[in-house]
Amino acid sequence: MKKNVVAFCLVCAAVLSACTGKDSAPAKQDSEISVLVYITGVVAGSPPYELMVAGVQEFAAENNGVTVKVYEAGFNQAEWEEQLRSMVADGEYDLVIGSNPSLPEICASVGSAFPSQKFIIVDAQHTGNPQISTFLYNQYEQALFLGYLAGLVTASDMPHAGESVRIGPPRVGFIAAQEYPLLTRHMVPGFLDGARLVDPAIELDFRVVGNWYDANKAADLALGMINTGVNVFTSIAGGAAQGLIRAIREKGAYAVCFNINEYSQAPGLIVGCGTMEQKKLVKEILSDVIAGKIQYGSSRTVGVKEGYLDFIFDDPGYRDSLPPEIQEQFETFVDDLRAGRVEYTIPPL
Ligand code: RBF
């Protein structure tokens, strides 16, 4: 009898524990989240993607219950939508996070077949879709201060820019991988506006590589531009930007870089680097996801004043390469921009 009672109790305990799930696999907690990092290209060589992946992985390491899958969709843009559709089809991911101005439209199309799928896209602007939240960097501002610095350098008598080596009017160059609205409406106009605050006669030579990986093509473009008098460059070209760096080292010209610290790639020639606080933004976004604080359907813009775009002053590549009077003028300009003393109108996207 005693044995039977014990056996009965054991069975009850087993049933109870199965019901409460204590001895079986732990039940999914509210704070558990499965994230797909959808890379529109490849991670290596593309600062916005490298920083996003680093941010998501750091967040996962610092918080329990966050699982991460990084998927590189490659350079064939015609395949991005189909690949995203197949990645989200079985509902494995609570959230898709990406960084690309062209992603919201793709997500809207894919999401219409999977109404509970959520998407958070940075470096993009899209409103009115209850499945999508976006965060736009105010790249007009970064382009404006980088353009201002490029203008100061091209108007200076630094070794590769002065009267003795100048061909034609002061000219700055912009090499882009491809044209898209954020680039043609914010970044290129911002860069030229910034340069023309130094000297309204400065001209812009704008060239397009045609993809995000062909460094040889970017080098050819840059060499041709240097031959016609461009002596300060910038670029938005992902991995292809390596070709520009090769060209300025070979021929002697300057560059200012968007989004990340590149000074060491061409000491004395890369004279200014901006920063995009993508890692910080992505980590903040993920804590908001867990706290249920993301507003889907809306877009937030972050820039210099909000602390998500800045410039790296504290590097020998800047400090030791530029004449003190250029540094002084540039620092005053960035202070003015931070304090809202520089008036500008951001063109609509
Ligand atoms: N930026 C990169 O660094 N690497 C890329 O491969 C890349 N591919 C892009 C593809 C498309 C269709 C678009 C619209 C933008 C791409 N960008 C890429 C640009 C990137 O998302 C961002 O706008 C710029 O880097 C400026 O911050």
Practice task
DSSP loop (so not H, G, I, E, B), at most 16 other Cβ within 10 Å: list which GluC sites (Glu not before Pro) in the stretch 284-349 pass both filters.
Solution key: Glu306, Glu343
Handout entry: Ellipticity estimate at 222 nm from DSSP helix runs (n ≥ 4, -39,500 (n - 2.57)) divided over the chain, nearest 500
Key = -12000 deg cm²/dmol
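Treating only the Cβ of Lys, Arg, Asp and Glu as charged (+1, +1, -1, -1), what charge dipole size does the stretch 221-336 show about its Cα centre? Round to the nearest 20 debye.
Computed about the Cα centre, the dipole is about 580 debye.
If I take R0 = 22 Å and measure r between the Cβ atoms of Val70 and Ile290 in this structure, what FRET efficiency does the formula 1/(1 + (r/R0)^6) give, to the nearest 0.05? Mind dumping the intermediate values first?
Working: r = 19 Å, r/R0 = 0.88.
E between Val70 and Ile290, to the nearest 0.05, is 0.70.
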Completion exercise
Extension length gain for Asp199 and Gln57 (0.36 nm per residue less Cα distance), in nm, is 46.7 nm
Practice task
Take peptides 154-166, 45-57, 134-146 and line them up by average Cβ neighbours within 10 Å, highest first, as a rough protection proxy.
Solution key: 134-146, 45-57, 154-166
Completion exercise
Residues other than Glu72 with Cβ under 14 Å of its Cβ, Lys/Arg counted +1 and Asp/Glu -1, net out at -1
Exercise for the section: Would you please put 97-105, 212-220, 260-268 in order of how densely packed they are, using the mean number of other Cβ atoms within 10 angstrom per residue and starting with the highest? Expected result: 97-105, 212-220, 260-268
Practice task
State the Cα centre-to-centre distance between the stretch 210-264 and the stretch 170-203 in whole Å.
Solution key: 15
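Could you tell me the calculated FRET efficiency between Phe206 and Asp90, based on Cβ-Cβ distance and R0 = 45 angstrom, to the nearest 0.05? Please list the in-between numbers first.
Values: r = 44 Å, r/R0 = 0.97.
Once rounded, the FRET efficiency stands at 0.55.
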Practice task
Could you give me the percent of Cα pairs per 5 Å distance bin for the stretch 212-308, shortest bin first, beginning at zero and ending with the bin that holds the maximum distance?
Solution key: 3, 12, 19, 17, 13, 9, 10, 8, 6, 3, 1, 0
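Rounded to the nearest 0.05, what FRET efficiency do Glu328 and Glu179 have when you use their Cβ-Cβ distance and R0 = 41 Å? Could the numbers behind the result be given before it?
Details: r = 36 Å, r/R0 = 0.87.
Step by step, r from the Cβ atoms, then E = 0.70.
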Completion exercise
Full extension between Lys251 and Ser116 adds, at 0.36 nm per residue less the Cα distance, a length in nm of 43.2 nm
Completion exercise
the stretch 76-124 and the stretch 311-325 have their Cα centres apart by a whole-number Å value of 41
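A short reminder: the numbers here are calculations on the coordinates, not readings from a lab. Just so it is clear, the structure is predicted and the values come from calculations on it, not from any experiment. For neighbour counting, all protein chains shown are included, and Cβ atoms are generated from backbone atoms with ideal geometry for every residue, glycine included.
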